[in-house]
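See structure below.
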Amino acid sequence: FSEILGTCMDRMRQAAVTQLDIKTVDLAGLIEGLTEHFQLKTASHLIRADTQGLPDAFPCDPKLISILLINLVENAIRHSPAGGMVWIGGKRLDADTVEISVTDEGPGIPSSAQDRIFERYVQLNPETTGKPGMGLGLFIVRRIAEMHGGSVVCESASDEGATFRVTLKRGRAG
């Protein structure tokens with residue numbers, strides 16, 4: 001119970017962040033470090049990253065980008081079958097914008113629910129994973145992306161997994 005309560009409190013704190021702490025970040029290194037962390041944490045999934053298209057340095061809030069990635073990768077693992085793969089990718093879209101994507105091999109998300117999943121407390125069929133969430137993770141992802149001048153979209157079809165694409169604009173130190 002205390003673990004669930006701790007997770008709930010962490011998610012509530014994440015949702016309450018209102019300011020960015022912009023630093024120059026090696027996004028590829030950040031993603032590769034998280035990929036290694038999650039691969040060590042799960043024996044039942046393969047976690048892979050392709051970050052060759054990211055710039056060497058990108059101004060953003062590294063703590064919030066880590067939270068964004070953790071939420072997306074945890075969801076991908078939760079919704080992928082044992083033995084499934086999770087891909088984390090990144091690329092530069094233009095001089096001021098990068099895209100980070102997380103793809104899973106889960107059951108997919110119906111198109112009718114793809115906008116709704118970014119709302120606070122929304123969960124789709126938590127009984128199918130056996131690991132219900134709190135419905136805050138994707139809300140927090142959207143909030144962090146928007147704080148960075150970007151957005152998040154879901155691309156999915158039933159029985160074909162899901163890809164979450166996050167765009168982030170170059171941050172300005174405040």
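Here are some notes:
- Convex hull per residue volume in Å³, alpha carbons only, for the range 45-128: 121
- Taking packing as the residue-averaged number of other Cβ atoms within 10 angstrom, the listed peptides 55-64, 160-169, 91-100 run from highest to lowest as 160-169, 55-64, 91-100.
- Two-decimal Rg/Rh across the range 24-64, once Rg and the Kirkwood Rh are taken from alpha-carbon atoms: 1.04
- In Å, descending, principal axis extents of the Cα set of the range 32-174: 43, 30, 23
- Per-residue Karplus couplings for the range 32-46, computed as 6.51 cos²θ - 1.76 cosθ + 1.60 with θ equal to phi - 60°, are listed in order as 5, x, 5, 4, 4, 4, 5, 5, 5, 6, 10, 9, 9, 9, 9 Hz, Gly and Pro entered as x.
- Highest average first, the peptides 39-45, 151-157 ordered by how many other beta carbon atoms sit within 10 Å of their residues are 151-157, 39-45.
- Local electrostatic count at residue 154 - Lys and Arg +1, Asp and Glu -1, tallied over other residues with Cβ under 9 Å: -1
- Here's how it looks for residue 49: its modeled amide H is under 5 Å from those of 88, which are all 5 or more places away or on a different chain.
- Each of 66, 158 has its accessible area taken with a 1.4 Å probe; listed largest first, they run 158, 66.
The values are calculated or read from the model by the stated rules, or taken from the named source; none is laboratory data. Since the structure is predicted, the reported quantities are computational estimates derived from the model, not experimental observations. Here the Cβ is made from the backbone with ideal geometry for all residues, glycine too, and neighbour counts use every protein chain on show. Just so you know, the surface numbers come from the protein's heavy atoms only, side chains and all, with ligands and any DNA or RNA stripped out. Shrake-Rupley method; radii C 1.70, N 1.55, O 1.52, S 1.80 Å.
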